[in-house]
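Read the structure below first, then the notes.
The values are calculated or read from the model by the stated rules, or taken from the named source; none is laboratory data. Given the structure is predicted, the values throughout are model-derived calculations rather than measurements. Glycine gets a Cβ as well: all are built from the backbone with ideal geometry, and neighbour counts include every protein chain shown.
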Amino acid sequence: MSGPIFTAIEAKLGRALEPSHLEVINQSHMHSGSGTETHFKVVVVADAFAEMRLVARHRRVNEVLAEEFAAGVHALSIEALTPAQWIARGGEVRPSPPCLGGSKAG
């Protein structure tokens, strides 16, 4: 499912980080129902991450997407990897755990 926020996330991360691999996954259906754009997962593989610690990588992605958070993105799962890390794990996107937030917490 791709909408305007999905498209903006993909374009902005592509321009800012010049990734060798980028996946934007709208996971909103797992949280708040279909038709929304509030929960995303991004897998970004970029040379730019080579000299950054994990926290700095996440901060960089969040900085790039500041407008999307202000516009209603509620949650963003980030996998920020170097090309070597991506290859070492077999070029595989790991599945997200089920949502336990909000009314689903028990």
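Some notes on this structure:
So that you can scan it fast, the table gives a plain yes or no per residue for (1) out of contact with any Asp or Glu (no Cβ under 9 Å at 6 or more places or on another chain); (2) within 28 Å of residue 90 (Cβ to Cβ); (3) basic (Lys, Arg):
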{"position": "6", "(1), (2), (3)": "no, yes, no"}
{"position": "12", "(1), (2), (3)": "no, yes, yes"}
{"position": "27", "(1), (2), (3)": "yes, yes, no"}
{"position": "41", "(1), (2), (3)": "no, yes, yes"}
{"position": "53", "(1), (2), (3)": "yes, yes, yes"}
{"position": "56", "(1), (2), (3)": "yes, yes, no"}
{"position": "73", "(1), (2), (3)": "no, no, no"}
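- Sole residue being modelled with pLDDT of 95 or more and within 16 Å of residue 7 (Cα to Cα), chosen from 81, 65, 76, 54: 65
- Residue that is modelled with the highest pLDDT [pool: residues in the stretch 84-106 that are more than 21 Å from residue 20 (Cβ to Cβ) and aliphatic (A, V, I, L, M)]: 100
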